[in-house]
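Contents: one structure, followed by commentary.
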Amino acid sequence: MSDIRLGFVGVVVEERSRAEDVNRILSQFGGMIRGRIGIPDQDTGLAVIGLIVEGTNEQVGAMTGKLGNLSGVTVKSALTSKKIGKEV
C-alpha cells in the first residue's frame, strides 16, 4: 500500500492547441485533484494551471508524466513528505 500525500502541480501550456489534451488527462485523474485554477494570457497565448492534488507518488507521477510528454507543455510538482493518514 502507498501513502497518500498532499501536493501541488504547476502546468504551463505554451501551445493552445494542446489545451484539449491537457484537459483530457486532467479529467482522467480528476479523483485526486482537490483544487484547480487556470490563468490564460491572451496576449502571449500561454496558460498556467495550478492544481492541488491528494494522491500517492505513483498517481501524481503518472499524471505529470502524461502531461509532460505533451509537446508545448511543462509540468512541475511538489508533494509533502508527511502522510495525510490515508492509504491506497
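On the stretch given as region 38-61, residues that are among the small types (Gly, Ala, Ser) and more than 10 Å from the chain's Cα centre (by Cα) total 4. Within region 13-27, residues that are over 13 Å from residue 74 (Cα atoms) have Cβ atoms under 6 Å from residues that are of a type in the set (Lys, Arg) and surrounded by 16 or more Cβ atoms within 10 Å (Cβ to Cβ) in these pairs: 25/66, counting only partners at least 6 apart in sequence or on another chain.
The set of residues in region 13-36 that are under 11 Å from residue 70 (Cα atoms) and aliphatic (A, V, I, L, M) comprises 13, 19, 22, 25.
Each value in this text was obtained by applying a stated rule to the coordinates, not by laboratory testing. This one's a predicted model, so the numbers in the text were calculated from it and none came from an experiment. Neighbour counts are summed over all protein chains in view; Cβ atoms, including those assigned to glycine, are modelled from backbone coordinates with ideal geometry.
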